[in-house]
Amino acid sequence: MAGRAGVLQFQFRRMLASKTWRYAVVVGLAAMSVCFVQTCLVFWGHDVGEVPAADVAWVGNYESMQTPLFCFYLYFLMPFLAAAVFGDSLFLDVRRRYAGCVAVRSSLRSYLFSGAIVAFVGGFLVVLVPLLVSQLLTFVAFPATSGQDAYQLLLNTSAAEVDSTGWYDKTLFLGLFLNARYLLNLIFIVYDALWGGLLALAAFALSLYVRTSRLLVVGLPALVLIVSSYLLPSDLDIAQCLIFSLVIPRSPTVFLAAPLVVLLVLVGALWLPLVRRKGVLL
């Protein structure tokens with residue numbers, strides 16, 4: 001297990017072997033399956049020409065497809081699931097007096113940053129897999145392309161009416177919304193998975209400073225995201241960036257810069273204990 005590659009491989013094996021990883025993926029898949037059933041019921045009995053394409057029928061288009069459970073999953077379930085996959089590994093290792101043993105056999109820096117990388121990847125994948133499956137599920141019941149009579153915006157609003165409505169004028173990535181919906185869906189899927197990784201990384205970094213409660217380590221990043229969604233204006237609301245919306249205006253700068261800023265803050269939080277050279281694993 002010597003060396004950076006060895007300890008990184010060791011941490012990945014630990015993450016993939018954990019029951020939490022499997023349970024979190026199953027919960028995500030169950031939520032997406034329920035959303036898919038909701039979408040199918042919305043169009044039950046409609047003429048085939050009215051049925052939207054799979055890019056529009058993706059459950060992530062919650063306004064059009066009437067899938068509020070999708071928002072509940074992203075706002076309330078996903079943050080906790082992502083952080084719980086491996087974000088609390090450092091907290092548990094220190095409590096069980098296991099961290100020092102691993103660090104001695106590699107190095108403190110290798111142990112910390114390998115754990116941080118695996119926490120991020122674990123949180124990323126546990127969100128990515130269900131959301132990708134949710135897009136693939138739509139091909140089971142919906143065509144790859146649709147005609148002008150198919151619903152495109154809200155229910156009972158067809159593609160023929162897109163040019164006559166101004167609802168989408170402030171839609172983020174308007175060009176992709178009008179011309180490349182599959183790519184737009186993929187952007188939001190990867191973006192949400194990125195935030196899943198950041199939330200898991202935040203829990204891991206928090207373990208360096210909080211030694212009293214595992215629930216606090218896992219729950220605080222999610223709680224900050226949830227509370228901020230109610231306190232911040234819509235233009236600065238990170239939680240609102242997780243979902244595609246026609247009616248909620250978003251700042252492209254916030255959408256793109258927020259993950260980078262949070263990542264830099266978390267890397268700094270990981271480096272600070274090493275620079276101060278105090279009892280990191282005590």
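The values are calculated or read from the model by the stated rules, or taken from the named source; none is laboratory data. Nothing here was measured: the structure is a model prediction, and the numbers come from that model. Heads up, the Cβs are rebuilt from the backbone with ideal geometry, glycines too, and the neighbour counts pull from every protein chain shown. Only protein heavy atoms, including side chains, enter the accessible area calculation; ligands, DNA and RNA are left aside. Shrake-Rupley method; radii C 1.70, N 1.55, O 1.52, S 1.80 Å.
Order the peptides 219-232, 199-212, 131-144 from the highest to the lowest mean number of other Cβ atoms within 10 Å of their residues.
Result, highest mean first: 199-212, 131-144, 219-232.
Compute the long axis of helix 108-141 from its Cα atoms, compare it with the longest principal axis of the Cα atoms of the chain, and write down the angle in degrees, 0 to 90, nearest 10.
20 degrees
At 222 nm, what helix-only mean residue ellipticity would the chain give, in deg cm²/dmol to the nearest 500, using -39500 (n - 2.57) for each DSSP H run of four or more?
Only helices count here, giving -21000 deg cm²/dmol.
With every protein chain left in place, what is the accessible area of TYR23 in Å² (1.4 Å probe, nearest 10)?
Its accessible surface works out to 140 Å², give or take rounding.
So with the 1.4 Å probe, I'd like the accessible area per residue for the chain, rounded to whole Å².
Averaged over the residues of the chain, the accessible area is 47 Å².
If you fit an axis through the alpha-carbon atoms of helix 19-42 and take the longest principal axis of the Cα set of the chain, what angle between them do you get, 0 to 90°, nearest 10?
Here the helix axis deviates by roughly 10 degrees.
By accessible area of protein heavy atoms, probe 1.4 Å, what ranking do TYR182, TYR75 get, highest first?
Ranked from most to least accessible, the order is TYR182, TYR75.
Round to the nearest 10 and report in Å² the accessible area of SER146, as given by a 1.4 Å probe over the protein chains' heavy atoms.
In the full protein context, SER146 sits at about 50 Å².
Order ARG14, ARG181 by their accessible area, 1.4 angstrom probe, all chains in place, largest first.
Most to least solvent-accessible, the answer reads ARG14, ARG181.
What does the highest-first list of 60-70, 257-267 look like by mean Cβ count within 10 Å?
60-70, 257-267
Relative to the first principal axis of the alpha-carbon coordinates of the chain, what is the inclination of helix 181-206, with its axis defined by its Cα atoms, in degrees from 0 to 90 and to the nearest 10?
20 degrees
State to the nearest 20 debye the size of the charge dipole of the chain about its Cα centre, where the only charges are +1 on K and R beta carbons and -1 on D and E beta carbons.
2420 debye
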